[in-house]
Amino acid sequence: MGLIALGVTGGIGAYKAVEIARGLQEVGHDIVAIMTPSAHRFVGRVTFEAITQRRVITDQFAPGANADIEHIALASDIKVLLVAPATANLIGKFAHGIADDFLTTLYLATRAPVVVAPAMNTNMFEHDAVVRNLATLVERGVHVVGPGEGHLACGWIGKGRLAEPAEVVSAVQAVLRPPGDLVGRCVVVTAGPTFEDLDPVRYVGNRSSGRMGLALASEAVARGARVVLVLGPVGLEPPLGAEVVRVRNAAQMRNAVMGHATDADAVIMAAAVADYTVSGGVHPEKLAKDGETLTLNLTRTTDILAELGRWRGDRNRPVLVGFAAETQEVVAHAKTKLDAKRVDVMVANDVSRTDAGFDVDTNAATLVESTGATDLPLQSKRDLAGVILERVEALLSLRASPAAADVVDDDAP
Ligand code: CTP
């Protein structure tokens with residue numbers, strides 16, 4: 001977490017820089033936006049001011065702006081200098097050390113890592129001048145994200161689109177993370193409830209806002225992991241930077257999780273999976289009510305975590321984390337589930353508390369492992385997510401590295 005300078009240059013992708021700023025804030029960073037004169041032709045200064053809650057730097061020579069030699073002060077304060085979109089002009093200036101505005105001066109003045117996300121017409125991107133300039137930057141240690149391929153604003157189809165905001169956020173995160181935590185790791189997180197449909201308007205489901213799972217996904221992105229978020233029906237927005245697989249019922253969640261299990265270094269089952277689904281499947285028409293009582297036949301769903309535990313067997317990857325929502329004898333019940341499902345960590349919480357669990361931003365929990373239990377006091381779900389991921393990181397570093405992983409393709413579930 002820290003201050004990121006977001007340079008915005010005059011390209012059609014400039015509007016996407018707004019979403020990039022928001023994504024960086026979501027993972028805990030503060031943003032100062034710097035706009036080149038031509039960026040104003042594409043997006044307004046006020047938009048960035050409203051989002052970043054800071055004055056947008058637009059002019060090196062604005063009256064009053066240089067009292068503290070701003071580019072020098074900022075140069076030492078920032079954790080990363082990111083330019084998105086980066087035009088051919090900007091890339092050329094960075095490559096040749098031309099410092100004729102605030103952004104290009106900041107580039108020379110800072111020792112923070114630099115990330116550029118080029119965006120331009122395909123022919124421009126492939127022009128020898130741009131290719132050489134980018135190669136110079138890469139040689140100097142500048143990180144380049146994208147560009148992607150697709151329909152360009154100029155009507156062409158090809159390479160030159162600004163990378164997706166989530167990709168740019170992940171690139172910044174990867175640059176910031178010290179080696180050794182979740183960079184290069186794949187973490188599968190499930191979040192939210194599952195709904196088992198009775199008919200087109202009714203369902204049986206579990207209570208869950210998805211907050212704890214979303215906090216885990218967001219924190220895992222912040223720690224540099226590739227995150228696959230298998231998300232049940234929730235009203236909250238998933239974090240930028242996670243690959244989101246939306247599901248509705250337990251069977252879909254099971255398929256999504258098992259489909260990603262081979263790639264995963266860790267699977268964190270924070271979802272409140274329905275234990276039962278409607279026997280015979282969803283009724284195609286709305287059921288009319290008849291009679292004073294209604295009897296439903298329900299069938300057990302697959303216990304996804306238990307299936308993962310069985311599939312993993314004696315291998316040590318992926319690390320498996322479950323949640324045990326309990327109302328009494330919290331730790332004892334969690335320990336029983338830990339053993340039965342053959343997982344590494346059970347995060348046990350007492351859902352009868354009003355300040356923890358459902359629909360609130362705080363949670364208190366106990367981490368239950370085969371070696372013992374650790375009480376975690378009431379704290380924000382974000383902080384709790386950090387503690388859980390630290391435990392995952394510790395378990396991963398005790399075990400094989402990704403390169404030495406003992407899972408081979410024909411182990412696919
Ligand atoms: N879980 C799962 N698949 C299910 C049910 C639960 O993967 N069909 C996972 C949950 O995501 C959670 C853990 O198992 O990580 C424990 O869920 P919980 O509902 O507390 O326990 P259950 O095993 O369902 O047992 P019970 O409902 O009887 O307490």
| field | Flag for Thr36 being crowded, with 16+ Cβ neighbours inside 10 Å, at pLDDT 85 or above and more than 27 Å from the chain's Cα centre (by Cα) | value | yes
| message | Which count do you get for residues in the stretch 239-271 that are within 16 Å of the ligand (Cβ to nearest atom) and out of contact with any helix residue (DSSP H, G or I) (no Cβ under 8 Å at 6 or more places or on another chain)? | response | 9
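Can you pull out every residue in the stretch 76-97 that is part of a strand (DSSP E or B) and surrounded by fewer than 24 Cβ atoms within 10 Å (Cβ to Cβ)? Lay out the reasoning, then the answer.
Just the residues of the stretch 76-97 that are part of a strand (DSSP E or B), to begin with: 80-86.
Hit for the stretch 76-97 is Val80, nothing else.
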| field | Hey, Leu236 farther than 23 Å from Asn316 by Cβ, within 15 Å of the ligand (Cβ to nearest atom) and not aromatic (Phe, Trp, Tyr) or not | value | no
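Can you tell me which residues in the stretch 139-151 are exposed (fewer than 12 other Cβ atoms within 10 Å of the Cβ) and not in a loop (DSSP other than H, G, I, E, B)?
Let us first name the residues in the stretch 139-151 that are exposed (fewer than 12 other Cβ atoms within 10 Å of the Cβ), namely 139-141, 150-151.
Matches in the stretch 139-151: Glu139, Gly150, His151.
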| message | Which count do you get for residues in the stretch 275-311 that are surrounded by 22 or more Cβ atoms within 10 Å (Cβ to Cβ) and under 17 Å from Thr194 (Cα atoms)? | response | 3
| query | Taking into account only those residues within the stretch 239-262 that are under 28 Å from Asp199 (Cβ atoms) and part of a loop (DSSP other than H, G, I, E, B), which is farthest from the chain's Cα centre (by Cα)? | reply | Asn249
| remark: Per the filter on the stretch 338-364, residues at pLDDT 75 or above, under 28 Å from the mean Cα position of the chain (by Cα) and more than 15 Å from Leu384 (Cβ to Cβ) are Leu338, Lys341, Arg342, Val343, Asp344
| task | Tell me which of these Asp100 doesn't satisfy, since it passes every other one: (1) part of a loop (DSSP other than H, G, I, E, B); (2) surrounded by 15 or more Cβ atoms within 10 Å (Cβ to Cβ). | result | (2)
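Looking only at the stretch 272-320, which residues are more than 16 Å from the ligand (Cβ to nearest atom) and charged (D, E, K, R)? Give the steps one after another, and end with the answer.
Residues of the stretch 272-320 more than 16 Å from the ligand (Cβ to nearest atom): 280-297, 313-317.
Glu285, Lys286, Lys289, Asp290, Glu292, Asp314, Arg315, Arg317, listed by residue number.
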| task | Can you give me the number of residues within the stretch 13-33 that are crowded, with 20+ Cβ neighbours inside 10 Å and part of a helix (DSSP H, G or I)? | result | 9
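Given Gly184, Gly155, which one is touching a strand residue (DSSP E or B) at 6+ places or on another chain (Cβ under 9 Å) and either in a loop (DSSP other than H, G, I, E, B) or not basic (Lys, Arg) (or both)? Let's see the steps before the verdict.
Numbers: Gly155 fails: touching a strand residue (DSSP E or B) at 6+ places or on another chain (Cβ under 9 Å).
Criteria check complete, one pass: Gly184.
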| task | Determine whether the stretch 143-158 contains at least one residue that is farther than 19 Å from Gly11 by Cβ and either of a type in the set (Ser, Thr, Tyr) or assigned by TED's automatic domain parsing to the domain that holds Val8 (or both). | result | no
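For the stretch 321-333, enumerate the residues that are at negative phi and either among the acidic types (Asp, Glu) or more than 8 Å from the ligand (Cβ to nearest atom) (or both). Lay out the reasoning, then the answer.
Here is the first cut: in the stretch 321-333, the ones at negative phi are 321-328, 330-333.
Glu326, Thr327, Gln328, Val330, Val331, Ala332, listed by residue number.
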| request: Count, please, the residues in the stretch 213-227 that happen to be buried (at least 24 other Cβ atoms within 10 Å of the Cβ) and part of a strand (DSSP E or B). | output: 1
| field | Tabulated pairs, the stretch 320-331, first touching a residue at least 40 places away in the same chain (Cβ under 8 Å) and under 18 Å from Leu305 (Cα atoms), second acidic (Asp, Glu) and more than 9 Å from the ligand (Cβ to nearest atom), C-beta under 6 angstrom, 6+ apart or interchain | value | Leu320/Asp344
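The values are calculated or read from the model by the stated rules, or taken from the named source; none is laboratory data. Since the model is a prediction, treat every value here as computed from it, not as a measurement. Every residue, glycine among them, receives a Cβ derived from its backbone with ideal geometry; neighbour counts consider all protein chains shown.
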